[in-house]
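Contents: one structure, followed by commentary.
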Amino acid sequence: MLHKTKLAVIGAGSAGLTALKEAQRVTDDIVLINHGPYGTTCARVGCMPSKALIAPAQALQRRSFLASAGVCGTEALTVDIPALLAHVRGLRDRFIQGPIKLAESLGQRLFSGRARFLDANTLEVGGERIAAERIIIATGSRPVVPAAWQTLGGRVLTSDDIFEQQDLGRRVAVIGLGAIGAELGQALALLGLDVIGLTHGETVAGLSDPAVSDALLAALGRDMRIVTGVEAELQPLGETAVRVHAGGQVHEVDWVLASLGRRPNLDGLGLEALGVEIDARGMPAFNRQTLRMDEFPIYIAGDVSGIRPILHEAADEGRIAAYHALHPEAECLARRTPMGVVFTEPGAATAGKRFSELQGEDFVVGEADFSRQSRALMEGRNAGLLRVYLACPDGRVLGAEMATPGAEHLAHLLAWAIQAEMTVDQVLQLPFYHPALEEGLRSALQAARRALGQRRVTPDLPLCGEPAAWALGGA
Ligand SMILES: Cc1cc2nc3c(=O)[nH]c(=O)nc-3n(C[C@H](O)[C@H](O)[C@H](O)COP(=O)(O)OP(=O)(O)OC[C@H]3O[C@@H](n4cnc5c(N)ncnc54)[C@H](O)[C@@H]3O)c2cc1C
């Protein structure tokens, strides 16, 4: 049977469902196709269950602070891992309801099955054909697991499987310490597992500033063993354990969390049949602003595009793809200031340009040491470093990297200031409460301004009648 539609969206994840909602402003003539479980990666196996696991782990971590502050009885706290995993699944089951309902609201216009291109306007799904004026590919990504590791069965888990376990073996090697490995690895260690983290790179948690990454490594190193700059190889050990070879050392563990990165779900879509240019990594050529694939009526959005594989960016790409699909001649939409957060303790975050992206630019750095920050000390969370980068000579805030308590909040403040194109003077004219973690951010900004070498003659207060900083835009 042939179904005709204005827009077909492939993938009922965060990008696909946001594209759907964006397109519904203009038309209801939309078809949604999804292969695999509904509920989105974020709610089912990603952002949400991971943070549901991390929250009790970090709460438990507070017991040593409480004990040091005179609270008795904390040593009696124990963790029931099966109960904790059931708690995570309980929350997960709540979070997936919304996305499932949204997909189901399409009724007959929802197709379950793997989509495959027959030509640039025609898809085949489970023997049915869909002729669409425009198509959005929002098929997400999946964890990378080397073929040799797959033979180890349940001894090698990824973020796709971990929350489904009834229990977890005590000894675990977390291989890959990007965002997912760093935050899940630390959480497992805080829950009492014996964790060794092994990673190929020298920096962790998506940080590119070596000083900030080293501060995070020092903090994580209190909870788990970490070895950087190594390639890990796995060997089965009997029926139930694994031998991990890395950097000349051998570690025996019960299981491995493979957090080696994610691969776009493009295989099986039949893109080759369209004659689209495909690079060595299997990515089709597309315009990074409009997300359109060459001159094809096809757009690519979310993790599958590989541009910024995080939730709010996947959703934005869904918006952009749907907008351009339905308004092909429209001016392109701008992206928000980049921001990334990793939910370790201290948290790791980037806002605006990362340190690695600034190389070759004229910029200065200011930093604040959170091991001495007063609010962090009161909370027993005193660890880490924040580094902020300013443009020379105008003092515009370009970016920041941090490993600090409350990083998720400090990163928001910085990203908002950067998107408003504020200078360091304008940010320092905003209120900072006492005693707050934000005062650490102010210290870093003040240090960066000193590094600019400009002497200020007026206090950090707006002049009467001066327009608000955010109204100045790029002043
Ligand atoms: C453990 C973990 C923690 C994370 N934590 C965070 C976080 O804290 N903050 C954050 O911002 N981001 C986080 N992320 C990233 C975030 O989850 C993703 O960026 C986001 O879910 C991507 O959405 P998407 O729509 O691109 O993909 P998905 O939600 O994966 O949707 C893709 C959909 O397409 C379907 N599909 C695939 N192939 C086909 C096909 N051929 N035909 C039809 N359908 C197909 C899939 O089954 C799926 O339903 C995390 C990810 C993981 C794994």
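For region 221-234, name all the residues that are free of Cβ contacts under 8 Å to residues at least 12 places away in the same chain and either small (Gly, Ala, Ser) or surrounded by 13 or more Cβ atoms within 10 Å (Cβ to Cβ) (or both). Within region 221-234, just GLY221 meets the criteria. Restricting ILE300, ILE320, ILE278 to those that are of a type outside the set (Ser, Thr, Tyr) and surrounded by fewer than 18 Cβ atoms within 10 Å (Cβ to Cβ) reduces the list to ILE278. Can you tell me which residue in region 1-31 is nearest to the ligand (Cβ to nearest atom), limited to those that are farther than 25 Å from PRO309 by Cα and free of Cβ contacts under 8 Å to residues at least 24 places away in the same chain? The extreme case among them is ARG25.
Kindly indicate whether VAL244 is closer than 30 Å to GLY399 by Cα, buried (at least 20 other Cβ atoms within 10 Å of the Cβ) and in contact (Cβ under 8 Å) with a residue 40 or more places away in the chain. No, not satisfied.
Taken over region 380-432, the residue count meeting the criterion of being over 22 Å from the mean Cα position of the chain (by Cα) and on the phi > 0 side of the Ramachandran plot is 3. On the given criteria, is ALA411 part of a helix (DSSP H, G or I), under 15 Å from ALA348 (Cβ atoms) and touching a residue at least 40 places away in the same chain (Cβ under 8 Å)? Yes, satisfied. Residues in region 111-164 that are surrounded by 16 or more Cβ atoms within 10 Å (Cβ to Cβ), more than 19 Å from TYR299 (Cβ to Cβ) and not charged (D, E, K, R): PRO143, VAL145, TRP149, LEU152, VAL156, LEU157, THR158, SER159, ILE162, PHE163.
Read the figures in this text as sums done on the coordinates, not as results from a lab. The model shown is predicted, which means the values in this text are computed figures rather than measured ones. Glycine also receives a Cβ, built like all others from the backbone with ideal geometry; neighbour counts cover every protein chain displayed.
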